[in-house]
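What follows is a set of notes on a single structure, which appears directly below.
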Amino acid sequence: VDIENIAVFILIVRFLFLSRKYNIRTSFFITCIGLSAAYLWYMHLRDLAFYYTRTLWMCPLTHNLSEEFEEIYYQQLAVFSKAGARFDSQSFYGPALRALQNMTSDTEYRFDPLSMLWTYLPTDIKYLTDKIYYVLTLKAIPSAYKFIDFQIISLSSMLWYTFIVRINK
């Protein structure tokens, strides 16, 4: 997308100018702070553009912007409609989930941390604990994950804006 290419170009030029004025480390920190702020504003602009796509399309000045954001939207839909697509990759807790999956998996097998804990329970109460284990793994954990995932995805852009832009001023 042209907007992202322009933003990367501006960041590189800004880093070069700042590295001449300051040292490399300071200019890197300033550029990273600018990158995070630009990403937050771009995410906010993207949300607004998706919300007001029809209105942007009617104005001759913003018609091209509307077409670009509509193209981005359809590209994201195409990526998420593929089999095996990661739905949590756009959320801010996605890296934590991927880290947990990488820690609990080998190249061929996946280790379940709850099962590992369950093996330490005494064998004389297995008939009770197995029922609890299956209720947890088949019903409680997936439904809690779906509920929390829906809530966090719905609030993610507002949380990013509130905690990073407003609180850290």
(message) Just to be sure I understand the filter: pairs with C-beta atoms under 6 Å, separated by 6 or more residues or on different chains, first member in segment 42-60 and in contact (Cβ under 8 Å) with a residue 12 or more places away in the chain, second member surrounded by 15 or more Cβ atoms within 10 Å (Cβ to Cβ) and in a loop (DSSP other than H, G, I, E, B). Which pairs pass?
(response) 56/62
(request) Looking only at segment 146-157, decide whether some residue is at pLDDT 85 or above, more than 18 Å from residue 43 (Cα to Cα) and open to solvent by less than 70 Å² (accessible area, probe 1.4 Å). (result) no
(request) Being among the β-branched types (Val, Ile, Thr) and loosely packed, with under 15 Cβ neighbours inside 10 Å is the filter here, so list the residues in segment 1-58 that pass it. (result) 1, 3, 6, 8, 10, 12, 13, 24, 26, 33, 55
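Do you know which of the residues in segment 13-53 that are β-branched (Val, Ile, Thr) and farther than 30 Å from residue 158 by Cβ is farthest from the chain's Cα centre (by Cα)?
Of segment 13-53, the ones β-branched (Val, Ile, Thr) are 13, 24, 26, 30-31, 33, 53.
Remaining after also requiring farther than 30 Å from residue 158 by Cβ: 13, 24, 26.
On the way: 13: 27, 24: 29, 26: 27 Å.
The residue in question is 24.
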(request) Kindly indicate the residue of segment 59-111 that is modelled with pLDDT of 65 or more, charged (D, E, K, R) and surrounded by 12 or more Cβ atoms within 10 Å (Cβ to Cβ) and also farthest from residue 136 (Cα to Cα) among those meeting that condition. (result) 67
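The values are calculated or read from the model by the stated rules, or taken from the named source; none is laboratory data. Owing to the predicted nature of the structure, the values given are computational and were not obtained by experimental measurement. In this analysis, Cβ positions are derived from the backbone assuming ideal geometry, glycine residues included, and neighbour counts consider all displayed protein chains. To get the accessible areas, we keep the full protein, side chains included, count just its heavy atoms, and leave off ligands, DNA and RNA. Shrake-Rupley method; radii C 1.70, N 1.55, O 1.52, S 1.80 Å.
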